[in-house]
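Take this structure, written in structure tokens, and hold onto it; I'll ask about it next.
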Amino acid sequence: MRPNFLFPPISENRRFSFLTLALRLFFGLLLFVKYGLYKWINFQELLPRIPDFLGMGRPMSMSLAIFAQVFCIWGVIAGFLYRLSLIPVLISMVVALYVAFGISHEMVELAALYLGVLVLLFIVGPGKYSIDYLIQKRHQAKRRSSSK
């Protein structure tokens, strides 16, 4: 694995960074509000309809989906530990896609759309308008000042 796999160099291009910020905000907030928050608030009512994925039990499966879609998605939105935050969200979308195959064609399309956008966001990184960028810049400045 390359050393920059989880923390790649961040593009300085402002237009590109603005586009990644817009995508993070739009898809992240949509996923948080429409799915994550909904699952968290309606945990008990939704529990009987959630499949027991990998034999972990329904409560655990639901809790992992909530963790990804409520807590990890904020790391994605803010660009904080960006790729690490995206991994649980990506896994939850793969599970949603697998589960959707048994439900409806529309659900498959929606899960595939989210998964596709999230994979692209994983590949391109958080961009300049992210907490990871600020951390990277501070780290580089410290390294430069200590080497003088």
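Within the bounds of region 80-87, is there any residue that is of a type in the set (Lys, Arg) and under 21 Å from residue 119 (Cβ atoms)?
Scanning region 80-87 turns up at least one residue that is of a type in the set (Lys, Arg) and under 21 Å from residue 119 (Cβ atoms).
Report, by residue number, each residue of region 100-135 that is more than 17 Å from residue 83 (Cβ to Cβ), open to solvent by 20 Å² or more (accessible area, probe 1.4 Å) and among the hydrophobic types (A, V, I, L, M, F, W, C).
Listed by number, the residues that qualify are 101, 103, 107, 108, 110, 112, 113.
Now for a different question. Only residues that are charged (D, E, K, R) and in contact (Cβ under 8 Å) with a residue 40 or more places away in the chain: list them for region 89-148, please.
128, 132 - these are the residues of region 89-148 that are charged (D, E, K, R) and in contact (Cβ under 8 Å) with a residue 40 or more places away in the chain.
Considering only region 1-85, give the helices (runs of 4 or more DSSP H) lying wholly within it that have at least 1 residues that are open to solvent by 90 Å² or more (accessible area, probe 1.4 Å), without any contact (Cβ under 8 Å) to a residue 40 or more places away in the chain and not small (Gly, Ala, Ser).
14-31, 38-41, 43-46, 58-66
Next question, about the same structure. Given the condition closer than 16 Å to residue 27 by Cβ and either outside any loop (DSSP other than H, G, I, E, B) or not basic (Lys, Arg) (or both), answer yes or no: does some residue in region 98-105 qualify?
Looking through region 98-105, none of the residues is closer than 16 Å to residue 27 by Cβ and either outside any loop (DSSP other than H, G, I, E, B) or not basic (Lys, Arg) (or both).
The values are calculated or read from the model by the stated rules, or taken from the named source; none is laboratory data. Since this is a predicted model, take the numbers as computed values, not measurements. Backbone-built Cβ (ideal geometry, glycine too); neighbour counts: all protein chains shown. The area values use the complete protein model at the heavy-atom level, side chains included, leaving out ligands, DNA and RNA. Shrake-Rupley method; radii C 1.70, N 1.55, O 1.52, S 1.80 Å.
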